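Read through the structure below, which is laid out as structure tokens, and then see the notes.
The values are calculated or read from the model by the stated rules, or taken from the named source; none is laboratory data. This structure is a prediction, so every number in the text was calculated from the model and none was measured. Glycine also receives a Cβ, built like all others from the backbone with ideal geometry; neighbour counts cover every protein chain displayed. Ligands, DNA and RNA are stripped out before the accessible areas are found, and what is left, the full protein with its side chains, is counted by its heavy atoms. Shrake-Rupley method; radii C 1.70, N 1.55, O 1.52, S 1.80 Å.
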Amino acid sequence: KMGTNVFYTLPKLPYGYKDLEPFISEAQLTLHHDKHHQAYVTGANTLLEKLDKARKENADIDMKATLKELSFNIGGHLLHSLFWANLAPQGKGGDKPEGLLANAIDKEFGSLERFKKEFTQAAASTEGSGWAALSFCLQTNRPIIMQIEKHNVNVYPMFRILMVLDVWEHAYYLDYQNLRPKFIEAFWNIVNWNEVNNRLVSLLK
């Protein structure tokens, strides 16, 4: 279906709210998914409704401000949707990358340990609120780490994202307070490597 009256929806988690414990608590995950992610879905839909209304009425709106806000909210929705799916209860996502993903990481970074070090540093050093992402460039066939500020700044155009880590305070503050490095360390216990590999396999078909 195309056109107006088509909007974004909050995806269900592929696991229960308690299933990522002890690395992400039920309270933290519930707040993050039900409140923060929902806010980006609502924000994006409100802006789409604003655009639909303006077009219907042939009215003027501030396009610069509207599109900037729309980019922020759509980015928040899509990145969070990727984030939930590249997490899994400990032991259910694979202990380490396999297949195409393992080969790509070894070729680019030399080892899984080096990749994790660089990704961890990218996540820890993100200015303010943002994300660390593993993306893939189809022109060079190289996996490249991307450090995203907010939801939409410093994004490499057209690169496909394979894995993301949310380092906004709302992702970890209940569990880790201001200790972002502790949250990043915990993240490696619940990465769904199978999902990340499947994203790469689908991309290279």
>> Can you give me the Kirkwood hydrodynamic radius for segment 99-205, using every pair of distinct Cα atoms, in Å to one decimal?
In response: 14.3
> DSSP loop GluC sites (Glu not before Pro) in segment 75-143 with at most 16 other Cβ atoms within 10 Å of their Cβ, which ones?
Replying inline: Glu98, Glu127
> Which value, in debye to the nearest 20, gives the size of the charge dipole of the chain about its Cα centre, when Lys and Arg are +1 and Asp and Glu are -1 at the Cβ?
Replying inline: 520
> Given only helices, namely DSSP H runs of n ≥ 4 each adding -39500 (n - 2.57), what is the per-residue ellipticity at 222 nm of the chain, to the nearest 500 deg cm²/dmol?
Replying inline: -14500 deg cm²/dmol
> Regarding the chain, what whole-number volume in Å³ per residue does the convex hull of its Cα atoms give?
Replying inline: 134
> Mind listing which trypsin sites (Lys or Arg not before Pro) in segment 67-175 are in a DSSP loop and have 14 or fewer other Cβ atoms within 10 Å?
Replying inline: Lys92
> Can you list the residues, at least 5 places off or on another chain, whose amide H is less than 5 Å from the amide H of Met163, using H built in the peptide plane?
Replying inline: Leu134
>> Using a probe radius of 1.4 Å on heavy atoms only, what accessible surface per residue do you get for segment 57-205? Whole Å² is fine.
In response: 53
> Which of Asp52, Asp62, Asp175 moves the most in a Gaussian network model of the chain with Cα springs under 10 Å?
Replying inline: Asp62
>> Connecting C-alpha atoms closer than 10 Å in a GNM of the chain, tell me which of Leu100, Leu29, Leu165 has the biggest fluctuation.
In response: Leu100
> Of all accessible surface on the chain at a 1.4 Å probe, what whole percent is carbon and sulfur?
Replying inline: 51
> Excluding same-chain residues fewer than 8 positions from Lys35, which lysines have a Cα within less than 16 Å of its Cα?
Replying inline: Lys12
>> Could you identify which residue out of Val191, Val155, Val164 has the top mean-square fluctuation in a GNM of the chain using Cα springs shorter than 10 Å?
In response: Val155
> Using modelled backbone amide H atoms (1.01 Å from N, in-plane), which distant-in-sequence or interchain residues come within less than 5 Å of Cys137's amide H?
Replying inline: Arg142, Ile144
>> Straight-line reach from Lys116: which lysines fall under 27 Å, measuring Cα to Cα and dropping same-chain residues less than 8 apart?
In response: Lys18, Lys92, Lys96, Lys107, Lys150, Lys182, Lys205
>> Using only alpha-carbon positions, what ratio does the radius of gyration of segment 1-89 give when scaled by 2.2 N^0.38 Å?
In response: 1.32
>> For the chain, what does the relative contact order come out to in percent, with C-alpha contacts under 8 Å and a separation of six or more?
In response: 25
